[in-house]
Amino acid sequence: MAKKAKGASEPVQDAAANSKIEAIKNLIFGENIQEYNHEFDTLKTDIANKREELMEYVDDARKEIMTAVDNLSTDVNIRISDLEQALHDKAQDLDNRKVSRDSLGDMLIRLGENIKA
């Protein structure tokens, strides 16, 4: 058998076959297909709208969380600074209260010399 050469009539035959298939589908399913297609289109639109709403909600939630994290970070930094300052003040107070042994010995020697004189 020899193969037929593809001619210009093949696309026309394909289109006619597709048209016949569509006509048969319409006869068998009739309005149901159109109704299903309409329902699918409605569902697609609803899903797209819900997706957009959800994305907006996620963006809003992300912004709120980032603001809360920033506020918490600022609060923690302030508290750390306050604790560092309190620790520094306590260390300074201890330095002021503490007298070294050398200084105390020198003061006692001077006191003793003053008593002798």
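Values in this text are rule-based calculations from the coordinates and carry no lab data. These numbers come from a predicted model, not from an experiment. Counting neighbours? That spans all protein chains shown, and the Cβs are built from the backbone with ideal geometry, glycine included.
Before moving on, here are some points about what is shown:
- Estimated FRET transfer efficiency (LYS25, VAL58; beta-carbon r; R0 41 Å; 0.05): 0.50
- Where only DSSP H runs of four or more residues are counted, the chain gives -32500 deg cm²/dmol as its mean residue ellipticity at 222 nm, each run worth -39500 (n - 2.57).
- Its Cα centre serving as origin, region 51-117 has a Cβ charge dipole (Lys and Arg +1, Asp and Glu -1) of approximately 880 debye.
- Cβ-placed point charges (K, R +1; D, E -1), dipole of the chain about Cα centre in debye, nearest 20: 680
- Cα pair distances exceeding 16 angstrom across the chain, given as percent: 84
- Nearest 10 degrees, 0 to 90: helix 101-116 Cα axis against the chain principal axis: 20
- Kirkwood hydrodynamic radius of region 51-117, from the reciprocal of the average inverse Cα-Cα distance over all distinct pairs: 17.4 Å.
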